[in-house]
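The values are calculated or read from the model by the stated rules, or taken from the named source; none is laboratory data. Computed from a predicted model, the values in this text were never measured in an experiment. FYI the Cβ positions are ideal-geometry reconstructions off the backbone, even for glycines, and counts take in every protein chain you see. When the accessible area is computed, the model is the full protein with side chains, heavy atoms only, and any ligands, DNA or RNA have been set aside. Shrake-Rupley method; radii C 1.70, N 1.55, O 1.52, S 1.80 Å.
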Amino acid sequence: RDRDVNKLCNYCVRLLLNNSHLNQYKTVIYFHLIRNLEEIGDQFQDFSVYMSKSKSRLSEEAHALYKKIIEKFNDFYTLFYDFKMENMEQLLDTSKQIYKKLENEGGKKKSDSIILNYLYNLIERIRRLASTALELNLDRI
């Protein structure tokens with residue numbers, strides 16, 4: 001399945017490169033977007049595999065943060081197709097709150113630390129996607 005996603009991403013990149021004469025600035029941004037989406041998919045997959053193999057359980061707080069991260073990923077999707085600066089600011093503000101909660105959660109066990117690291121990486125990648133959406137819409141601000 002990951003191979004199929006990688007093939008689709010590579011196809012999209014080839015399309016961008018073949019049509020880069022249309023808008024070189026946005027071509028670079030779309031390239032960045034495609035790679036970040038592929039990386040976040042890999043991160044979700046790695047997290048799922050880790051949780052399955054380690055048989056670790058999320059604490060209630062970590063589970064709530066994971067749900068918030070999924071919500072922020074969905075917010076990015078909405079932001080991408082309907083860019084509004086106030087939604088962008090809200091996404092970034094909420095992600096900062098998630099960062100702080102992750103830092104405060106702290107890992108008592110090694111597995112907790114690994115889980116928190118996955119969650120931290122996921123929210124960091126979502127912030128990068130949001131920055132990419134902003135770059136794509138600079139002309140609308």
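Kindly evaluate Ser95 against the criterion of being open to solvent by less than 60 Å² (accessible area, probe 1.4 Å), over 13 Å from the mean Cα position of the chain (by Cα) and of a type outside the set (Asp, Glu). So Ser95 fails the test. Looking across region 27-83, the residues that are open to solvent by 40 Å² or more (accessible area, probe 1.4 Å) and under 13 Å from Ile126 (Cβ atoms) come down to Leu37, Glu39, Tyr66, Lys68, Ile70, Glu71, Phe73, Asn74, Asp75, Tyr77, Thr78, Phe80.
Residue by residue, here is whether (1) at negative phi; (2) at pLDDT below 90; (3) not basic (Lys, Arg) holds:
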| site | (1), (2), (3) |
| --- | --- |
| Asp2 | yes, yes, yes |
| Val5 | yes, yes, yes |
| Leu8 | yes, yes, yes |
| Gln24 | yes, yes, yes |
| Ile29 | yes, yes, yes |
| Leu37 | yes, no, yes |
| Tyr50 | yes, no, yes |
| Lys55 | no, yes, no |
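Residue pairs whose Cβ atoms lie under 6 Å apart, separated by 6 or more positions or on different chains, with the first residue in region 104-117 and in a helix (DSSP H, G or I) and the second at pLDDT 80 or above and surrounded by 15 or more Cβ atoms within 10 Å (Cβ to Cβ), are Glu105/Leu116; Ser111/Ser56; Ile115/Ala62; Leu116/Leu102. Residues that are closer than 22 Å to Cys12 by Cβ and of a type in the set (Ser, Thr, Tyr) occur in region 110-132; there is at least one.
In region 38-66, the residues that are more than 21 Å from Lys100 (Cα to Cα) form Cβ pairs under 6 Å with partners that are open to solvent by 60 Å² or more (accessible area, probe 1.4 Å) and not basic (Lys, Arg), at six or more places apart or across chains, as follows: Gly41/Val5.
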